[in-house]
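Have a look at the structure below before the remarks.
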Amino acid sequence: MSALKPKHQRLVLVVVALIALIAAGLLAAYALRNQASYFYVPTQMAANPPDPTQAVRLGGMVQAGTLKTMSDGITVAFIVGDGEAQVPVRFAGILPDLFVEGSGVVAEGKLGADGTFVADNLLAKHDENYVPRELEEMTAAQAKRTVSETAQ
Amino acid sequence: MIAELGLAALWLAAALAGLQLIAGAVSVKQPDGPLASLARPAAVMQGVLAAFAFAMLLWLFAQTDLSVKLVAANSHSAKPMIFKLSGTWGNHEGSMLLWITVMALAGAMIGYLERRLPEVTMQATLATQAFVGLGFYAFLLLSSNPFERLPTPAAEGQGLNPLLQDIGLAFHPPTLYFGYVGLSVAFSFALGALLTRQVTPNFARAMRPWVLGAWIFLTLGITAGSYWAYYELGWGGWWFWDPVENASLMPWLAATALLHSVSVLAARDALRAWTIMLGVVAFSMSMMGTFLVRSGVLTSVHAFAVDPERGAFILVLLGIYIGGALTIFALRAGTVQEGERFTATSREGALVFNNVMLSAILAVVLVGTLYPLLTEAFGVQVSVGPPYFNPVGAIFTLPMLAVMAVGPLLRWRRDGVKRVSKPAVFLAIFAVVVGALVAYLSNASVLAVLGLAFAAALGIGSLLPLKGRNLLRTPLATWGMVTAHFGIAVALFGMASESAFSIEKLVAARPGDVTEVGPWKITLDSVDPVVGPNWTALQADLQASYKGAAAIELQPQSRTFWSPERETAESALATRWNGQLYAVMGSGIEDGRRQLRLWWKPFVPMIWLGGILVALGGLLALIGRLTADLKRHYVRRRSAERREETQA
């Protein structure tokens with residue numbers, strides 16, 4: 001190594017750095033391929049349910065009138081829908097500050113064998129102006145549907 | 001009147017930035033030309049005027065002047081004074097004004113103080129800084145004027161987002177901004193040196209304090225942000241790999257790499273082109289962070305003040321700066337002379353390894369953060385979370401930590417494996433023993449076990465450079481390195497402990513009910529209404545006793561702010577040397593019970609203590625460098641005076 005000419009040393013440095021960065025990129029790409037099936041909306045979840053062992057995110061609107069607290073006082077049950085499909089969700093924990101019926105939510109957890117989504121974390125919006133990006137288009141589509149339904 | 005004064009000062013400052021750009025750029029070609037003496041005073045005046053404009057906005061917020069749109073939209077007369085003041089930068093326009101003010105003040109400091117660089121490099125640096133600054137002035141004056149008046153004054157302000165009404169968050173964003181802006185200064189230095197072909201150890205010594213300063217602020221900002229998320233959001237977590245968090249982590253990673261490579265350049269005159277490259281990348285990452293946070297292109301649970309149009313503006317600026325810098329780099333990098341040589345097993349070799357690993361981690365975080373954007377362009381919605389970042393990041397973090405434990409023991413330029421083989425074997429055995437013990441005694445995850453093992457080894461390894469030294473004579477810079485590396489070990493210990501040993505309990509309790517969480521017994525005494533300055537709340541009174549010791553009072557609240565109207569959960573914390581008890585109150589149940597969520601998180605404060613130690617290490621190094629510079633300056637002046645005396 002000590003015999004390397006300056007030019008060669010620079011070349012070695014560049015090559016090492018490039019290899020590391022390419023390795024990082026490839027590794028990232030490989031890991032991300034599995035992430036493609038990380039986020040679901042109810043329609044997707046109904047059509048192509050994830051494995052019960054796989055941790056995924058479910059995004060949708062909390063359906064009005066479906067929020068119930070179980071008798072243990074801790075577990076809540078509600079239904080998340082996207083206008084087409086609906087998924088029952090169970091969550092044991094304290095609801096986030098801005099969690100309300102009719103609003104968007106992203107639930108992290110696993111889909112149980114009985115078709116109930118067991119969430120271990122709920123992400124509701126944190127700012128009145130903030131809507132999870134995954135839900136933005138859905139809200140617009142829902143609004144359109146509501147308008148067309150009432151117009152009939 | 002105040003608002004108009006502020007706006008006028010801002011326009012004048014922008015004009016001076018234009019003058020500074022022209023004067024600096026012309027003087028690079030004509031060092032003795034008529035404009036050569038203008039860039040420095042222009043930089044100083046620009047700093048004064050920008051600071052004046054910011055002071056005016058601060059004044060408007062202190063007065064709650066509701067004829068100003070920004071104040072009406074973000075403040076309220078009933079708000080405590082401290083949050084009225086922090087409201088100045090708790091919004092898009094104000095924070096951009098803060099950014100430009102800090103940047104202009106930094107430029108003023110460079111113009112006034114910096115004497116080490118060759119004059120042409122100085123001029124090129126000031127010109128670059130003015131160029132970057134002009135983009136922000138244009139942004140501020142054309143699309144986000146903070147001094148805009150309302151046609152008719154508002155009767156009352158809309159208030160500040162309650163989540164931002166917190167002492168931690170009053171100071172967290174400006175801290176991060178100081179870091180970002182410090183990196184813009186490093187960027188200007190790097191381009192100035194590249195343009196004038198003066199990439200020398202002297203240049204590195206001039207740039208180093210700015211990199212160190214930026215890095216200290218970034219470290220503190222990230223630490224504070226993480227702690228804020230931990231106690232204010234009420235989720236009990238401290239890092240979510242949220243895009244907004246990543247936006248602050250990426251510049252930190254780049255700045256950490258830059259900090260180490262600039263030290264190599266200053267001490268050993270190697271890694272010249274690489275240091276310039278990192279200077280460009282670090283600033284790119286801080287711009288990227290601003291873009292991600294401000295534009296709303298990414299899903300984030302704590303993105304505030306989002307506006308796509310402004311996002312486009314920042315994106316254009318990002319393109320101009322980064323594209324321009326990379327073009328100049330491509331054209332000029334070949335002309336930067338070769339630096340000194342070194343062997344693979346040397347201090348430089350270890351630092352290069354650290355740099356490459358940090359860059360790889362940066363790439364992993366960047367890809368994970370931008371990937372959802374990319375797939376969305378193809379109509380596929382993806383969200384990337386901890387299952388990606390934790391393992392993929394660890395693949396590069398763990399080898400880096402291993403080299404970090406022994407690298408500082410190596411000599412500069414050329415060394416053998418021999419010097420570090422004994423401590424390396426000792427640390428490796430120690431790590432294996434710790435890891436095996438943890439894995440045997442708990443059901444911690446693989447990553448948590450590895451984290452604890454590496455933390456233990458690094459904790460000892462980071463102290464080894466002090467072995468056999470006279471501690472009183474050890475330079476402050478060495479103390480800084482040791483402290484910062486030890487801080488990383490402490491933070492890692494906290495992170496791994498939290499994920500390995502946390503105990504969580506969720507109960508619905510009536511007054512008088514007792515809950516056990518690990519070694520704690522927690523009694524709910526009562527739930528009562530309380531009133532604050534701009535909120536009302538329900539407050540639970542908890543008595544928490546650790547292993548039968550005297551009870552500590554905990555009072556988690558469920559607050560309702562009335563302007564803007566919304567609810568927040570205020571967690572309560574009981575801190576012991578060996579961990580933290582974390583309590584949140586949930587909603588009430590019809591039968592009179594209350595939801596309580598209780599965590600016992602062993603050693604979790606170590607995460608933030610580690611962050612503070614890392615920043616402290618940076619501060620020690622900075623003080624050490626600055627005093628050494630001052631001393632050298634003084635000695636040089638004395639010897640010059642003596643020479644004059646003998647000549648006379």
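The values are calculated or read from the model by the stated rules, or taken from the named source; none is laboratory data. Every value quoted in this text rests on a predicted model; they were computed, and no experiment measured them. Note that we place each Cβ from the backbone using ideal geometry, even for glycine, and neighbour counts take in every protein chain shown.
Let me confirm something: among B:Ala124, B:Ala206, B:Ala155, which residue is among the hydrophobic types (A, V, I, L, M, F, W, C), in a loop (DSSP other than H, G, I, E, B) and farther than 26 Å from B:Ala8 by Cα?
After applying the criteria, what remains is B:Ala155.
Does the range B:349-359 contain at least one residue that is closer than 13 Å to B:Phe396 by Cβ, of a type in the set (Gly, Ala, Ser) and not in a loop (DSSP other than H, G, I, E, B)?
The initial filter retains those residues of the range B:349-359 that are closer than 13 Å to B:Phe396 by Cβ, namely B:353-359.
Retained after the next criterion (residues that are of a type in the set (Gly, Ala, Ser)): B:359.
Next, from what is left, pick out any that are not in a loop (DSSP other than H, G, I, E, B): B:359.
Checked the range B:349-359: at least one residue is closer than 13 Å to B:Phe396 by Cβ, of a type in the set (Gly, Ala, Ser) and not in a loop (DSSP other than H, G, I, E, B).
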Please find, within the range B:390-408, the residue that is nearest to B:Leu464 (Cα to Cα) out of those that are under 23 Å from the mean Cα position of the chain (by Cα) and buried (at least 17 other Cβ atoms within 10 Å of the Cβ). B:Met404
How many residues does the range B:520-572 hold that are within 30 Å of B:Ala73 (Cα to Cα), among the polar types (S, T, N, Q) and either part of a strand (DSSP E or B) or in contact with an Asp or Glu (Cβ under 9 Å, 6 or more places away or on another chain) (or both)? 8
Look at B:Leu194 and say whether it is surrounded by 24 or more Cβ atoms within 10 Å (Cβ to Cβ), touching a residue at least 40 places away in the same chain (Cβ under 8 Å) and over 26 Å from B:Gly624 (Cβ atoms). yes
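When you go through A:Ala17, A:Ala64 one by one, which is the residue that is of a type outside the set (D, E, K, R) and surrounded by 17 or more Cβ atoms within 10 Å (Cβ to Cβ)? Don't jump to the end; show me each part of the working.
Numbers: A:Ala64 fails: surrounded by 17 or more Cβ atoms within 10 Å (Cβ to Cβ).
Answer to the check: A:Ala17.
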Which residues, counting only those in the range A:84-95, are modelled with pLDDT under 85, within 10 Å of chain B (Cβ to nearest Cβ) and surrounded by fewer than 21 Cβ atoms within 10 Å (Cβ to Cβ)? A:Gly93, A:Leu95
Count - residues of the range B:431-479 that are part of a loop (DSSP other than H, G, I, E, B) and either of a type outside the set (Gly, Ala, Ser) or touching a residue at least 40 places away in the same chain (Cβ under 8 Å) (or both): 14
So in the range A:68-83, with the set limited to residues that are at pLDDT 85 or above and surrounded by fewer than 17 Cβ atoms within 10 Å (Cβ to Cβ), which one is farthest from the chain's Cα centre (by Cα)? A:Lys68
Any idea which of (1) at the interface with another protein chain (Cβ under 9 Å from one of its Cβ atoms); (2) closer than 29 Å to B:Ser558 by Cα; (3) at pLDDT 80 or above is the one A:Lys125 doesn't satisfy? (3)
Does the range B:566-584 hold any residues that are under 17 Å from B:Pro529 (Cβ atoms) and modelled with pLDDT under 90, and which are they? B:Glu567, B:Thr568, B:Ala569, B:Glu570
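Check the range B:571-578 and report whether any residue there is surrounded by 18 or more Cβ atoms within 10 Å (Cβ to Cβ), within 12 Å of another protein chain (Cβ to nearest Cβ) and touching a helix residue (DSSP H, G or I) at 6+ places or on another chain (Cβ under 9 Å).
Residues of the range B:571-578 surrounded by 18 or more Cβ atoms within 10 Å (Cβ to Cβ): B:571-572, B:574.
Filter again for within 12 Å of another protein chain (Cβ to nearest Cβ), leaving B:571.
From the residues that got through so far, the ones that are touching a helix residue (DSSP H, G or I) at 6+ places or on another chain (Cβ under 9 Å) too are B:571.
For the range B:571-578, residues surrounded by 18 or more Cβ atoms within 10 Å (Cβ to Cβ), within 12 Å of another protein chain (Cβ to nearest Cβ) and touching a helix residue (DSSP H, G or I) at 6+ places or on another chain (Cβ under 9 Å): present.
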Tell me whether the range B:309-329 contains one or more residues that are facing another protein chain (nearest Cβ under 9 Å), at pLDDT below 85 and surrounded by 18 or more Cβ atoms within 10 Å (Cβ to Cβ). no
When B:Val352 is run through (1) among the β-branched types (Val, Ile, Thr); (2) at the interface with chain A (Cβ under 8 Å from one of its Cβ atoms); (3) under 20 Å from the mean Cα position of the chain (by Cα), the failure sits at (3)
Within the range A:52-81, considering residues that are part of a loop (DSSP other than H, G, I, E, B) and within 12 Å of chain B (Cβ to nearest Cβ), the one nearest to B:Leu233 (Cα to Cα): A:Ile74
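Quick one: would you say B:Pro387 is touching a helix residue (DSSP H, G or I) at 6+ places or on another chain (Cβ under 9 Å), surrounded by fewer than 18 Cβ atoms within 10 Å (Cβ to Cβ) and either among the hydroxyl-bearing types (Ser, Thr, Tyr) or in a helix (DSSP H, G or I) (or both)? So that I can check it myself, show each step before the final result.
Details: touching a helix residue (DSSP H, G or I) at 6+ places or on another chain (Cβ under 9 Å): yes; surrounded by fewer than 18 Cβ atoms within 10 Å (Cβ to Cβ): yes; either among the hydroxyl-bearing types (Ser, Thr, Tyr) or in a helix (DSSP H, G or I) (or both): yes.
Spelling it out, B:Pro387 is indeed touching a helix residue (DSSP H, G or I) at 6+ places or on another chain (Cβ under 9 Å), surrounded by fewer than 18 Cβ atoms within 10 Å (Cβ to Cβ) and either among the hydroxyl-bearing types (Ser, Thr, Tyr) or in a helix (DSSP H, G or I) (or both).
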